[in-house]
Each structure stands twice: as structure tokens, then as C-alpha cells.
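Peer 1: Please see the structure below; I have some questions.
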Amino acid sequence: MSKSSAKAASEKAKLELELFEKDRQVIKFRQGGLTFDEIAQRMGYSHPSGAHMAFKRAMERIADEAIASEGRALHRIRLETALSAIWNQVLKGDLPAINTMLKILERDAKLYGLDAPMKAELEVTNYDGNILRQRTREIVQAIREVAGQEDSLGERSGETGAAPE
């Protein structure tokens with residue numbers, strides 16, 4: 001990622017966080033009984049509709065998070081039920097049951113983000129074309145000096161580029 005795109009991503013994340021905090025404040029004001037007119041004045045919205053839009057956006061986010069949380073809880077119950085169904089076999093050393101248990105635990109860890117994040121290293125090398133061309137010329141010149149040839153490579157009359165037999 002280039003510095004400019006990293007900076008743009010950082011700015012976007014900062015704006016999203018500011019918007020999230022502003023929406024959260026709108027909900028607090030609304031819970032406190034303020035009208036959208038009053039919220040707009042306190043929060044600097046030019047019109048009450050801006051406060052209303054922020055309120056709707058925040059409520060949708062809360063609903064989405066609640067649905068996701070409920071889905072995770074249901075999934076967790078299912079995983080626990082599956083694990084309890086095979087637990088006696090696991091304790092007896094039943095290898096297929098142990099493999100199933102590991103799959104259940106792996107899914108549980110993914111669901112709740114329990115695994116340590118994967119780390120990856122990336123090395124990026126940028127080459128300056130002018131420097132590469134100059135180094136290529138220097139290498140060609142060194143080869144010519146060693147070979148004792150003055151003409152340029154590939155330009156001798158009759159040369160096809162094929163190796164002599």
C-alpha cells in the first residue's frame with residue numbers, strides 16, 4: 001500500500017470514527033428527550049433532518065449489531081450442543097470424536113476471534129529504470145572489455161543470437 005493510499009485509508013477510518021461518535025451522541029440526546037431541532041442545534045447540524053438521519057443511521061447500526069450478536073449466540077449454543085454430544089467419546093480417546101471436537105473448537109475460535117492474528121511480511125522493492133539501464137550498460141561494457149570486442153551486442157553482421165555449434 002502506498003503512503004498516499006495508507007494516508008487516505010487512515011483519514012477515512014478517522015472520519016468514520018468521528019461519525020460513529022457523533023451518531024452515538026445523537027442517540028444519547030434523543031434518549032434524554034431532546035427533539036431533533038434541539039439535537040441539530042447542539043450538534044451543529046444545519047437542519048433537524050441531519051440529526052434525524054444520524055439517529056436513523058445509529059439505530060440501524062444497533063439493529064445490525066443485535067442481529068449479528070443473536071446469530072453468534074445461537075451458533076455458540078449449537079457448537080456447545082455438538083461438543084457435549086461427543087464429549088464422552090472424546091474422554092475415552094475416540095480419535096474420530098477428537099477430530100470432530102477439534103473442528104468444533106476451531107469454528108468456535110473463528111466465531112469469537114480467539115485465534116491470534118496471522119502475521120505476514122511483505123517486502124516491496126522499487127527499482128529506478130534509469131539506474132537499471134545504467135547498470136546494464138556498465139555490465140555490457142565490462143563484458144565487451146573482457147571479450148575484447150568493441151561492437152555492440154547483437155549488432156555484428158551475420159549474428160543471429162544463436163550459440164555457435
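The values are calculated or read from the model by the stated rules, or taken from the named source; none is laboratory data. In this text the structure is predicted, and so the values were computed from the model without any measurement. Virtual Cβ from ideal backbone geometry, glycine too; neighbours counted across all protein chains shown.
Peer 1: Does ALA66 satisfy the condition of being assigned to a helix (DSSP H, G or I) and over 30 Å from ASP23 (Cβ atoms)?
Peer 2: No.
Peer 1: Here are MET53, MET101, MET59: which of them is at pLDDT 90 or above, within 11 Å of VAL26 (Cα to Cα) and in a helix (DSSP H, G or I)?
Peer 2: Result: MET53 is the single residue among MET53, MET101, MET59 that is at pLDDT 90 or above, within 11 Å of VAL26 (Cα to Cα) and in a helix (DSSP H, G or I).
Peer 1: Give me the pairs, please: first residue somewhere in the stretch 54-73 and surrounded by 14 or more Cβ atoms within 10 Å (Cβ to Cβ), second residue anywhere and part of a helix (DSSP H, G or I) and not hydrophobic (A, V, I, L, M, F, W, C), beta-carbon distance under 6 Å, and either six or more positions apart or on two chains.
Peer 2: Going by the 6 Å Cβ cut-off, the qualifying pairs are ALA54/ASP23; PHE55/ARG30; ARG57/ASP23; ALA58/ASP23.
Peer 1: Taking the residues in the stretch 1-27 that are surrounded by fewer than 11 Cβ atoms within 10 Å (Cβ to Cβ) and of a type in the set (D, E, K, R) as candidates, determine which candidate is nearest to LEU122 (Cα to Cα).
Peer 2: Checking each candidate, the answer is LYS3.
Peer 1: I'm checking my understanding of the structure. Among residues of the stretch 74-97 that are charged (D, E, K, R) and surrounded by 10 or more Cβ atoms within 10 Å (Cβ to Cβ), which one is farthest from GLN31 (Cα to Cα)?
Peer 2: Checked the stretch 74-97; the qualifying residue farthest from GLN31 (Cα to Cα) is ASP94.
Peer 1: Being outside any helix (DSSP H, G or I), closer than 30 Å to LYS3 by Cα and either modelled with pLDDT of 95 or more or not aliphatic (A, V, I, L, M) (or both) is the requirement here; does ASN126 meet it?
Peer 2: It is true that ASN126 is outside any helix (DSSP H, G or I), closer than 30 Å to LYS3 by Cα and either modelled with pLDDT of 95 or more or not aliphatic (A, V, I, L, M) (or both).
Peer 1: Going by the conditions given, is SER46 loosely packed, with under 10 Cβ neighbours inside 10 Å and not in a helix (DSSP H, G or I)?
Peer 2: yes
Peer 1: Inspect all residues belonging to the stretch 104-113 and state whether any of them is part of a loop (DSSP other than H, G, I, E, B), of a type outside the set (Asp, Glu) and either in contact with a Phe, Trp or Tyr (Cβ under 9 Å, 6 or more places away or on another chain) or modelled with pLDDT under 85 (or both).
Peer 2: The answer is yes, given that some residue of the stretch 104-113 is part of a loop (DSSP other than H, G, I, E, B), of a type outside the set (Asp, Glu) and either in contact with a Phe, Trp or Tyr (Cβ under 9 Å, 6 or more places away or on another chain) or modelled with pLDDT under 85 (or both).
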